[in-house]
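As structure tokens, the structure follows; a few thoughts come after it.
What follows is calculated from the coordinates using simple rules that are stated; it is not laboratory data. Treat the numbers as computed from the prediction; the structure is a model and nothing was measured. Reconstructed Cβ throughout: ideal geometry from the backbone, glycine too, with neighbour counts over all protein chains shown.
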Amino acid sequence: MESKTLEIRNLNTSFFTQQGEVRAACDVCLEVQPGQITGIVGESGCGKSVTARSVMGLVRYPGRVVSGEILLDGKAMTGISGKEACSLRGAEVSMIFQEPMTSLNPVMKVGKQVEEALLLHRKLSKKEAAKSAAQMLEKVGISDVKNRMECYPHQLSGGLRQRVMIAMAMICSPKLLIADEPTTALDVTVEAQILRLMKQLCDAGTSILLISHNLGVIAQICDYVYVMYAGRVVEQADTMTLFDHPAHPYTRGLLQAARSLRSDAEVLATIPGVVPNLLHLPAGCSFSPRCGQCQEPCKTSMPDMLPAGEKGHLVRCFLAEKEKQQPVEAI
């Protein structure tokens, strides 16, 4: 039986502050299948990036992975030494970060930063690494590559820095690529180019975990989607099922809001209320204070992930067993 590229089992990652424990990722279970693009979607602060950083071993103090298992190609990632983690990062698993200016070395030319991973993990000569780096920078849409490689990060625009980050993450063709909002700083033309490149990388054997708040990007490129809210996965399904038959009230709200943005509606659809403070979560379902379908059990008990019709479609909602979900118009 073929192992999953990534398997996360009951991951709990918390930040320990003077005010108390902030449970940023709570009992997260997630899989990325070989040769597939899996998406995580949700509002800011829902736990998407913390989950990704937990996989990479990059959760900073005062945060730490409290419990759970992270398996990469069947091998445990939790509990390994710092040296082992460094050997895996870049070669077996790599990540495109949201903020390229804080992720790039400000005193190293960008060409050298792209070459570095090849010199470290692929043992190429400097000449071979420079050639491969230039080719990858061209693939992500950077023109005048020879001169750009001699630039420092502060000499490039935000969009160019983001493309350099993408090139760095892709250069070693890792088994798993984690992309955290990879196209946020890019215009729609370059966004389409980067998404095509990610598809090509996936076709070549790299599995991708794509984190985004952009439902259009998720619908366009992902095979399977996880929806997160307040640190928990609240719904998961293959992309077509999730967009045609959303089962969780939160997922429905996200899709309705996105749909209204693309229509001629005078009033945009919104989800009432605000994301809860992770220090003071409601006693039951975290979404209950914002849910128009909230019932008494929702206020006192956290629902389990329950089947919602199609195979592989799970939802953390008491309503899942009580009603047949209606299709939502495609966005």
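Expressed as an acute angle from 0 to 90° and rounded to the nearest 10, what is the orientation of the C-alpha long axis of helix 249-261 relative to the principal long axis of the chain?
Helix 249-261 and the main axis of the chain meet at about 60 degrees.
Could you grab the relative contact order for the range 43-114? Cα pairs under 8 Å, six or more apart, rounded to a whole percent.
For the range 43-114, the relative contact order is 20 percent.
Let me see the P(r) profile for the range 76-152: every Cα-Cα distance counted, bins of 10 Å, each bin given as a percent of all pairs.
17, 44, 31, 8, 1
If you count, for each residue, the other Cβ atoms within 10 Å and average over each peptide, how do 118-125, 52-59 line up from highest to lowest?
For the peptides 118-125, 52-59, the packing ranking is 52-59, 118-125.
If contacts are Cα pairs under 8 angstrom and at least 6 residues apart, what is the relative contact order of the chain in percent? Intermediate values should be presented prior to the final figure.
Working: 632 pairs, mean separation 65.3, N = 331.
Worked out over the chain, it gives 20 percent.
Under the rule of at least 5 residues apart or a separate chain, name every residue whose amide H is placed under 5 Å from the amide H of Leu306.
The list, which skips near neighbours in sequence, is Val315, Arg316, Cys317.
Taking Cα pairs under 8 Å and at least six residues apart, what relative contact order does the range 145-227 come out at, in percent?
For the range 145-227, the relative contact order is 29 percent.
Ordered by residue, what ³J(HN,Hα) values in Hz, to whole numbers, does the range 53-68 give under the Karplus form 6.51 cos²θ - 1.76 cosθ + 1.60, where θ = phi - 60° and Gly and Pro are x?
5, 5, 4, 7, x, 10, 6, 8, 4, x, x, 6, 6, 7, 7, x
What distance in nm separates the two pseudo spin-label positions at Gln220 and Asp304, each 7 Å out from Cα along the beta-carbon direction?
Roughly 3.9 nm, to one decimal.
Taking the mean number of other Cβ atoms within 10 Å as a proxy for protection, how do you rank 104-115, 140-151 from highest to lowest?
104-115, 140-151
Summing -39500 (n - 2.57) over the DSSP H runs of n ≥ 4 in the chain and dividing by its residue number, what mean residue ellipticity at 222 nm do you reach, to the nearest 500 deg cm²/dmol?
Computed ellipticity for the chain at 222 nm equals -9000 deg cm²/dmol.
Show me the trypsin sites (Lys or Arg not before Pro) within the range 156-265 that DSSP assigns to loop and that have at most 14 other Cβ atoms within 10 Å of their Cβ.
Listed in order of number, the matching sites are Arg262.
If packing is taken as the average count of other Cβ atoms within 10 Å, what order do 130-136, 204-210 fall into, highest mean first?
Going from most to least packed, we get 204-210, 130-136.
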